[in-house]
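Trainee: Just passing along the structure, written as structure tokens.
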Amino acid sequence: MPRIARYLTHPEVQIDSLIDIRHWSLNAKGRARVAALAASDALRGTRHVISSDEVKATDTARPLAQALGADLWIRPALHENDRSATGFLPPDEFERTADRFFARPDDSVRGWETARAAQARVVGEVHRLLAQIPAADDAGDVLFVGHGGVGTLLYCALAGLPIDRRHDQLAGGGCVFAFDLPDGLPHGPWAPMESLIA
């Protein structure tokens with residue numbers, strides 16, 4: 001059977017407007033969701049966990065890698081789309097800005113990294129990382145842990161879809177999609193992480 005790669009987004013975070021968003025950690029609900037996934041055998045066979053270096057992503061990846069006895073790689077290039085030009089935005093304002101980010105992929109919306117550039121970065125990094133993992137039969141599955149924005153851009157690229165927020169993850173995060181290796185074709189759209197356990 002072909003090996004599987006999965007892309008999992010971090011679940012709910014502790015929002016603090018006084019802290020750089022790259023340093024936000026998971027809140028109690030997010031930690032509980034990760035703990036439930038770690039306690040299941042849903043990801044059995046995963047040998048490599050590869051995470052963005054943002055705290056909310058590593059808060060998700062570390063317990064899973066530990067439970068699986070898997071290698072954990074931290075890769076800065078898997079970070080969320082660069083929003084440092086605005087920093088924290090109130091939820092309604094953030095959603096409006098994110099809508100524009102996806103709708104105008106070649107434009108820098110309010111100084112954000114463009115969607116096209118973020119897509120090229122994350123797709124390129126995923127391919128580079130997968131090329132570093134041996135293709136032997138016992139190489140196991142791969143779990144990427146990251147963020148909803150760039151995860152959606154990756155999904156669009158793999159599925160051959162134009163950049164569009166219609167393909168975004170479900171509200172609340174903690175969503176996953178899988179794709180076969182080596183062809184990279186997604187099995188389907190985003191699903192809640194709990195769907196792996198059910």
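Trainee: If the requirement is being within 13 Å of Y7 (Cα to Cα), of a type in the set (A, V, I, L, M, F, W, C) and at pLDDT below 95, which of these qualifies: L154, L158, L130, L143? First the steps, then the outcome.
Mentor: On the way: L154 fails: at pLDDT below 95; L158 fails: at pLDDT below 95; L143 fails: at pLDDT below 95.
Checking each option against the conditions leaves just L130.
Trainee: Please work out which residue is surrounded by the most Cβ atoms within 10 Å (Cβ to Cβ), limiting yourself to the stretch 9-33 and to residues that are touching a residue at least 40 places away in the same chain (Cβ under 8 Å) and touching a helix residue (DSSP H, G or I) at 6+ places or on another chain (Cβ under 6 Å).
Mentor: Among them, the one singled out is H10.
Trainee: Another question about this same structure. Within the stretch 35-76, which residues are closer than 17 Å to L196 by Cβ and among the charged types (D, E, K, R)?
Mentor: D41, R44, R47
Trainee: Can you tell me which residue within the stretch 35-57, out of those that are without any contact (Cβ under 8 Å) to a residue 40 or more places away in the chain and in contact with a Leu (Cβ under 9 Å, 6 or more places away or on another chain), is farthest from D180 (Cα to Cα)?
Mentor: Kept after step one, since they are without any contact (Cβ under 8 Å) to a residue 40 or more places away in the chain, are these residues of the stretch 35-57: 35, 38-39, 41, 44, 53, 55.
So of that shortlist, the ones also in contact with a Leu (Cβ under 9 Å, 6 or more places away or on another chain) come out as 38, 44, 53, 55.
Values: A38: 22, R44: 16, D53: 25, V55: 28 Å.
If we take residues in the stretch 35-57 being without any contact (Cβ under 8 Å) to a residue 40 or more places away in the chain and in contact with a Leu (Cβ under 9 Å, 6 or more places away or on another chain), then V55 is farthest from D180 (Cα to Cα).
Trainee: Looking at the stretch 82-115, which of the residues that are farther than 21 Å from V126 by Cβ and among the hydroxyl-bearing types (S, T, Y) is surrounded by the fewest Cβ atoms within 10 Å (Cβ to Cβ)?
Mentor: Residue satisfying both the conditions and the ranking: S84.
Trainee: For residues that are buried (at least 21 other Cβ atoms within 10 Å of the Cβ) and of a type in the set (S, T, N, Q), scanning just the stretch 34-57, find the one that is farthest from I4 (Cα to Cα). Please lay out each step first, then the result.
Mentor: First, pick out the residues of the stretch 34-57 that are buried (at least 21 other Cβ atoms within 10 Å of the Cβ): 34, 37, 43, 46, 48-52, 54, 56-57.
With of a type in the set (S, T, N, Q) added as a condition, the list becomes 46, 51-52.
Details: T46: 9, S51: 16, S52: 19 Å.
Among those that are buried (at least 21 other Cβ atoms within 10 Å of the Cβ) and of a type in the set (S, T, N, Q), it is S52.
Trainee: Name the residues in the stretch 103-117 that are small (G, A, S) and closer than 18 Å to I21 by Cα, would you?
Mentor: Here is the first cut: in the stretch 103-117, the ones small (G, A, S) are 103, 108, 111, 115, 117.
Answer for the stretch 103-117, where residues must be small (G, A, S) and closer than 18 Å to I21 by Cα: just G111.
Trainee: Can you report the number of residues in the stretch 58-81 which are assigned to a loop (DSSP other than H, G, I, E, B) and either touching a Leu at 6+ places or on another chain (Cβ under 9 Å) or buried (at least 17 other Cβ atoms within 10 Å of the Cβ) (or both)? Before the answer, list the steps.
Mentor: If we filter the stretch 58-81 for residues that are assigned to a loop (DSSP other than H, G, I, E, B), which is where we start, we get 69-70, 75, 79-81.
Now restrict to residues that are either touching a Leu at 6+ places or on another chain (Cβ under 9 Å) or buried (at least 17 other Cβ atoms within 10 Å of the Cβ) (or both): 70, 75, 79-81.
Qualifying residue count, the stretch 58-81: 5.
Trainee: Identify all residues within the stretch 84-124 that are within 16 Å of the chain's Cα centre (by Cα) and among the charged types (D, E, K, R); write none if there are none.
Mentor: Within the stretch 84-124, R121 is the sole residue that qualifies.
Trainee: If you scan the stretch 1-34, which residues turn out to be part of a strand (DSSP E or B) and either among the charged types (D, E, K, R) or at pLDDT 95 or above (or both)?
Mentor: Going residue by residue through the stretch 1-34, those that are part of a strand (DSSP E or B) are 4-9, 13, 26.
Scanning the stretch 1-34 gives A5, R6, Y7, L8, T9, V13, L26.
Trainee: Restricted to the stretch 154-169, and to residues that are touching a helix residue (DSSP H, G or I) at 6+ places or on another chain (Cβ under 9 Å) and free of Cβ contacts under 8 Å to residues at least 40 places away in the same chain, which residue is surrounded by the most Cβ atoms within 10 Å (Cβ to Cβ)? Outline the logic, then answer.
Mentor: As a first pass, look at the stretch 154-169 and keep what is touching a helix residue (DSSP H, G or I) at 6+ places or on another chain (Cβ under 9 Å): 154-159, 161-169.
In the following step, the residues that additionally are free of Cβ contacts under 8 Å to residues at least 40 places away in the same chain were identified as 156-159, 161-162, 166-167.
On the way: C156: 23, A157: 18, L158: 19, A159: 15, L161: 14, P162: 10, R166: 10, H167: 18.
Here the answer is C156.
Trainee: Any idea which of (1) over 22 Å from P91 (Cα atoms); (2) more than 16 Å from the chain's Cα centre (by Cα); (3) assigned to a helix (DSSP H, G or I); (4) not hydroxyl-bearing (S, T, Y) is the one R44 doesn't satisfy?
Mentor: That leaves (3) as the condition not met.
The values are calculated or read from the model by the stated rules, or taken from the named source; none is laboratory data. On a predicted model such as this, the values are computed, not experimentally measured, just so you know. Cβ sites come from the backbone with ideal geometry, for glycine too, and all protein chains shown count toward neighbours.
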